[in-house]
Every structure is written in structure tokens, then in C-alpha cells.
Amino acid sequence: MSNDIRYKVHTHWGCFSLDEASYRYYLAGKLWISWTPGRAEQPKPDSELLHVSAEALRLRELAQEDAYALLQEHYLATTVTPYCKRMKDVSIDEMCLSVRSSNGLRRAGADTLGSVMQIMEREDGLRSVRNLGAKSEAEICSCFTNYCYSLLSKGEKGLFWQQVLEGKQDDFI
């Protein structure tokens, strides 16, 4: 089997051509492209590359299983959502909600993560949706936060936790 397949990656450092294995590492957040043509450079550790603290990196590792529970346990006073604008068109089916929660959101016209986020940002939030009680609200918030967090790259996860620590979670990416 030939490994001649090349993938083009566009970053703010330029355009790079990667083989399939490198491309998979890049998508998984294990490969950082920070190379400048003509200048050999040692790779920087996550904390220098991302400008995040060791505490943010520790939280990133703790949050692998359940980011929502970690946020609730330590940062309950603030509303933090690892939502990015690029997630707005993802279907709510990806969150694996219960039938009751899913149907309630669909009746409210929320078929995408973007529309769920709009409902959550309202003053009355998910409570305004008919047939969604406290249990459904908790399920939707938990699934939404965990799913959005899972869509972030490793670097974005580090930045997210740094912003949580600094209390700057108003505009995440």
C-alpha cells in the first residue's frame, strides 16, 4: 500500500502538505504546525505554544471524561460553554439526547447546536421550552457542554481552561 496521499493544511503560518499519518495526528491535536521556512526550531511545550498555565493543562487532562461535571464542581458561579461559532450547523442528533429532550428542542425549532446555544443564552433559557423540566434541562446542558468540548482541538481545550481560570469566558473562539 502506497502512502502517496498528501493533505493540504492551511494555517496562519502558511500552507503545508502532510502525509496521511501526520494529517491524522494534526486532526487529533497531536501535531502542531508552527514551523517557519528557513528557520530550524525546536518544538515548544504546550504551555509556551498556547500561552496557558500548568493549571489549565491539568484541567484539560481532567476534563477528558466529563468537562461539564468539572465545570459544575469548580466553577458553578459562572456559565461557561466551550462553544465555537464553527459548531453552529452541527445537528442536535450528534449529542445523543433522550427522546424527550430531543423532541422538546425540535418543537422549539432548535435543530442545530447554534439554535440550542441561542435558547440557552436567553434570560429564561431552556426553561422556556415547553415539556422540558429540570431533568431535561440538566441533560441538555451536560450533553451540550461535553459534546462541544469534544469538538475542540487539544490546543483549544487548553485555551478554554485558561480562559475559565482567568474568568474571560464571554467570547470563546
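Within region 69-109, the residues that satisfy the criterion of being in a helix (DSSP H, G or I) and open to solvent by 50 Å² or more (accessible area, probe 1.4 Å) are Gln72, Glu73, His74, Lys85, Arg86, Asp93, Glu94, Val99, Arg100, Asn103, Arg106, Arg107. Of all residues in region 11-50, which are outside any loop (DSSP other than H, G, I, E, B), under 17 Å from Gly158 (Cα atoms) and at pLDDT below 65? Of everything in region 11-50, those that are outside any loop (DSSP other than H, G, I, E, B), under 17 Å from Gly158 (Cα atoms) and at pLDDT below 65 turn out to be Asp46, Ser47, Glu48, Leu49, Leu50. Within region 113-165, being more than 26 Å from Ala56 (Cα to Cα), of a type in the set (A, V, I, L, M, F, W, C) and crowded, with 18+ Cβ neighbours inside 10 Å holds for Val116, Ile119, Leu126, Val129, Leu132. Filtering region 122-161 to residues that are among the polar types (S, T, N, Q) and at pLDDT below 85 leaves only Asn131. In region 123-139, the residues that are at negative phi reach residues that are among the small types (Gly, Ala, Ser) with C-beta atoms within less than 6 angstrom, at least six apart or across chains, in these pairs: Val129/Gly104; Val129/Ala108; Leu132/Gly104; Ser136/Ser101; Glu139/Ser101.
Scanning region 51-81 for residues that are of a type in the set (A, V, I, L, M) and over 17 Å from the mean Cα position of the chain (by Cα), which turns out modelled with the lowest pLDDT? Break it down stepwise before answering.
Step one: of region 51-81, the residues of a type in the set (A, V, I, L, M) are 52, 54, 56-57, 59, 62-63, 67, 69-71, 76-77, 80.
The next check asks that each one be over 17 Å from the mean Cα position of the chain (by Cα); those that pass are 54, 76-77.
Values: Ala54: 84, Leu76: 60, Ala77: 56.
Filtering first and then ranking leaves Ala77.
The values are calculated or read from the model by the stated rules, or taken from the named source; none is laboratory data. No experiment lies behind these values; they were computed from the predicted model shown. Don't worry about glycine lacking a Cβ; one is built from the backbone with ideal geometry, like all the others, and counts go over all protein chains shown. For the accessible areas, the whole protein counts, side chains as well, though only heavy atoms, and no ligand, DNA or RNA atoms are used. Shrake-Rupley method; radii C 1.70, N 1.55, O 1.52, S 1.80 Å.
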